[in-house]
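All remarks here apply to the structure that follows.
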Amino acid sequence: CGGCGRPRTVLCPECRAALSGAVPCRVRPVPEPRGLPVVHAAARYEDEVRAVLLAHKERGALALSAPLGAALAGAVRAGLRETGAGLRGTGAVARCVLLVPVPSARAAVRARGHDPARRIALAAAGELRRMGTPARVLGVLRQRRTVADQSGLTSRQRLDNLAGALEVAGAGGRLLTGGRVVLVDDLMTTGASLTEAARAVRAVLEESAVYGGVAWEGRAQRIAGATAETGVRTARSAAEVVDRTRAVGGKGCVNGAGHRIRAAVVAASPESFPTNRN
């Protein structure tokens, strides 16, 4: 067992319950970084859960990706449930859930032989689809520069270390407009990695919204001009059509600049759970 070492099992019932038995809830690190999206976690990072994550990440116990993915899927659904979007039976229009894993450093991936967050995200996407929620994994985040080892750094030092370190590669910005974005990782401690990932994703979504708005504004001007020339229907001034177009929030971009990015993790530090607050 990846949690307690019991023989002849990948994960015993007791450790599986520690990983996925509790109701996922919102977590907030202390101090909470500015720009951190709403984060939901499945379990506390302690005891058996800690052992399972380390076995998967550092010791290559890849069979643990399935139960870890199931736990992550539960955290994703908990976050989406707050808005009633992307879940079957809510009455909302079902949109694909885009799981965007926080990338590991290339050197770490080479040393481990796999990318733990991406592997768990793929398992979570499969679990979400089995539960009736359309989901896919978008590995669009890349490290644009080398960062120092995070171990031993304070919350402030981690934020400084990661500031501007991630970017959305290639056509990733266009792909991110195709559904509800949920940043995912195996673990959250200070929230620095998720904060930087959210910054990078927001940057491209806002850019897409700006260009989308310009495109729709140009279309509105052409419509108004054509209407005035042909007289087929009541002509409106270009300014009136443009104003009406601008009033439609997020037009031309599924997410829009104001899209609310969510985040989900398998586990978070015990201090970030609400029951531990004074």
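Within segment 56-83, the set of residues being among the polar types (S, T, N, Q) and either outside any helix (DSSP H, G or I) or touching a Pro at 6+ places or on another chain (Cβ under 6 Å) (or both) comprises just one member, 83. Taking segment 35-52 as the range and being open to solvent by 10 Å² or more (accessible area, probe 1.4 Å) and in a helix (DSSP H, G or I) as the test, the residues that pass are 47, 48, 50, 51. Looking at segment 35-56, can you tell me whether even one residue there is at pLDDT 95 or above, basic (Lys, Arg) and within 24 Å of residue 105 (Cα to Cα)? Yes; the residues of segment 35-56 include at least one that is at pLDDT 95 or above, basic (Lys, Arg) and within 24 Å of residue 105 (Cα to Cα).
For segment 14-34, a residue qualifies if it is touching a residue at least 40 places away in the same chain (Cβ under 8 Å), open to solvent by 30 Å² or more (accessible area, probe 1.4 Å) and not in a loop (DSSP other than H, G, I, E, B), and the qualifying residues are 16, 20, 25, 26. Search segment 125-146 for residues being hydrophobic (A, V, I, L, M, F, W, C) and buried (at least 16 other Cβ atoms within 10 Å of the Cβ), and hand back the single one that is nearest to residue 102 (Cα to Cα). My answer is 141.
Search segment 84-116 for residues being assigned to a loop (DSSP other than H, G, I, E, B) and open to solvent by 60 Å² or more (accessible area, probe 1.4 Å), and hand back the single one that is modelled with the highest pLDDT. Selected residue: 113.
The values are calculated or read from the model by the stated rules, or taken from the named source; none is laboratory data. What you see is a predicted model; the values in this text were computed from it and never measured. Neighbour counts run over all protein chains shown; Cβ positions are idealised from the backbone, glycine included. To get the accessible areas, we keep the full protein, side chains included, count just its heavy atoms, and leave off ligands, DNA and RNA. Shrake-Rupley method; radii C 1.70, N 1.55, O 1.52, S 1.80 Å.
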